[in-house]
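Here's the structure, in structure tokens; my notes come after.
Please treat every number below as a calculation from the coordinates, not as lab data. These numbers were taken from a predicted model, which means no experiment stands behind them. Note: ideal-geometry Cβ built from the backbone for every residue, glycine included; neighbour counts use all protein chains shown.
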Amino acid sequence: MIHIGLTGWGDQEDLYPNRTKAKDKLSLYGQYFSTVEVDSSFYAVQPRDRMARWAAETPESFAFIIKAYQGMTGHLRGKPYFTSTSEMYKAFRESLEPVIEAGKMQAALFQYPPWFECNKDNVKELREVKLRMEGIPCALEFRHRSWYEGDMRERTLAFMKEQGWIHSVCDEPQAGLGSIPIVPQATDADMTLVRMHGRNVSGWHQNGAPNWRETRYLYRYNKEELSEWKGYLEQLQEQSKDVYVIFNNNSGGDAAANAQMMMDLLDQPVKPFPDRTEPEQEEGPEQLKLF
């Protein structure tokens with residue numbers, strides 16, 4: 001089955017009536033999509049009670065993709081919050097427990113940075129990470145092209161199968177070494193993850209620039225591009241029981257609309273977004289007396 005969702009739910013304004021409170025957004029999100037990527041876990045390991053609340057606020061069949069904490073994937077800059085690697089992994093695993101207990105934990109996503117290239121040290125690190133995450137499904141996403149160049153493509157995929165990594169297949173700008181090609185190949189019979197980052201080539205390599213995150217993911221897919229991806233998804237569905245598709249092109253509010261376009265192309269039921277136009281203010285008795 002193909003499941004469609006978005007990165008996060010807090011800033012997806014198209015989904016909510018005006019003046020919707022933050023605490024009500026996830027339960028409303030669950031009316032439109034069957035899965036979500038939790039991005040806040042990348043910036044800080046989330047408290048157990050918060051994770052338990054999120055699990056309780058979503059439908060029984062809902063699935064979470066939870067992004068690994070940045071200290072676990074080499075993104076951390078500045079002073080580490082945890083005193084040791086073991087403590088960091090212990091805290092992250094414990095934070096996942098409420099979602100696992102609810103039966104809504106689909107995978108932890110380990111997205112590595114553009115400087116994480118294909119070499120022996122990094123392969124060793126991936127082996128160690130998989131041991132630390134034993135018993136929890138983990139998806140693996142690269143940002144350095146060397147993992148897929150030449151004969152390394154098949155060797156990388158074979159390594160992921162051997163180690164039990166779920167392949168995170170990406171659509172992103174083709175912008176040199178810091179981007180990867182579309183590789184529609186499953187490495188796990190139960191699940192494949194697909195992440196749609198957009199195709200903003202000029203904005204892809206702007207780390208450190210003002211508002212670079214907003215620029216990087218500013219892109220709206222057209223119907224032709226999503227139709228191409230429909231073919232890829234059907235191909236992946238033949239290789240994995242479930243395919244989870246996350247739209248991450250959310251800088252300009254395009255992710256939700258593109259996700260529903262994809263659902264429509266796949267003949268999945270689509271619930272219309274709410275009308276966000278402000279209703280006209282009704283005239284009260286005092287206003288009527290003025291004229």
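Using a Gaussian network model of the chain in which every pair of alpha carbons under 10 angstrom is joined by a spring, one finds that among Arg153, Arg19, Arg127 the greatest mean-square fluctuation is at Arg19. Across the chain, Cα pairs under 8 Å and at least six residues apart give a relative contact order of 20 percent. The amide H of Ala63, built 1.01 Å from its N in the peptide plane, has Thr35, Val36 as neighbours under 5 Å, considering only residues 5 or more places off or on other chains. Compute log10 of I(q)/I(0) for the range 64-104 with the Debye formula, placing one identical point scatterer on every Cα and leaving out solvent, at q = 0.16, 0.29 Å⁻¹, to two decimals. Scattering profile of the range 64-104, log10 relative to I(0): -0.46, -1.04. Set the Cα radius of gyration of the range 59-149 against 2.2 N^0.38 Å, with N its number of residues, and you get 1.16. About the centre of its Cα atoms, the range 1-46 shows a dipole size close to 220 debye [charges on the beta carbon of Lys, Arg (+1) and Asp, Glu (-1) only; nearest 20 debye]. Past the 30 Å Cα-Cα mark, which pairs from Lys230/Lys271; Lys21/Lys241; Lys79/Lys130; Lys67/Lys223? Flagged as over cut-off: Lys21/Lys241.
Can you give the Rg to Rh ratio of the range 96-184, both from alpha-carbon atoms, with Rh computed by the Kirkwood formula? Taking Rg over the Kirkwood Rh, I get 0.99.
For the chain, a Gaussian network of Cα nodes joined below 10 Å ranks Phe42, Phe159, Phe142 by mean-square fluctuation, and the top entry is Phe159. Remark on Gly252: its backbone amide H falls under 5 Å from those of Tyr219, a criterion applied only to residues 5 or more positions apart or on other chains, H modelled at 1.01 Å from N. Comparing Phe82, Tyr69, Pro59 along the charge dipole axis of the chain, the residue lying farthest to the positive side is Phe82, per the Cβ-charge model. A Cβ-based charge dipole, computed about the Cα centre of the range 1-122 with Lys and Arg at +1 and Asp and Glu at -1, lands at about 300 debye. As an equivalent ellipsoid, the chain spans semi-axes of 35, 23, 20 angstrom, where each value is the square root of five times an eigenvalue of the C-alpha gyration tensor, largest first.
Points 7 angstrom from Cα along the Cβ direction at Glu97 and Arg132: gap in nanometres? Placing both labels 7 Å along Cα→Cβ, they lie 1.9 nm apart. Backbone geometry of the range 120-136 corresponds, through the Karplus equation with coefficients 6.51, -1.76 and 1.60 at θ = phi - 60°, to 3J(HN,Hα) couplings of 4, 4, 6, 5, 4, 4, 5, 4, 5, 4, 4, 5, 5, 9, 3, x, 10 Hz, x marking Gly and Pro.
When the charge dipole of the chain is built from unit charges on Cβ atoms (+1 for Lys and Arg, -1 for Asp and Glu) and taken about the Cα centre, the candidate among Ala257, Leu126, Gln268 whose Cα reaches farthest toward its positive end is Leu126.
Ordered by the number of other Cβ atoms lying within 10 Å of each residue's own Cβ, fewest first, Phe247, Phe116 fall into the sequence Phe116, Phe247.
Can you compute the charge dipole magnitude of the chain about its Cα centre, using +1 on each Lys and Arg Cβ and -1 on each Asp and Glu Cβ, nothing else charged? Give it in debye, rounded to the nearest 20. It comes to approximately 1000 debye. Scalar couplings 3J(HN,Hα) for the range 69-75, obtained by applying the Karplus form with A = 6.51, B = -1.76, C = 1.60 to θ = phi - 60°, are 4, 4, x, 8, 10, x, 8 Hz; x denotes Gly and Pro. With unit charges on the beta carbon (Lys/Arg positive, Asp/Glu negative), name the residue among Phe33, Ala107, Trp147 whose Cα is farthest towards the positive pole of the charge dipole of the range 2-289. With unit charges placed on the Cβ atoms, the residue in question is Trp147.
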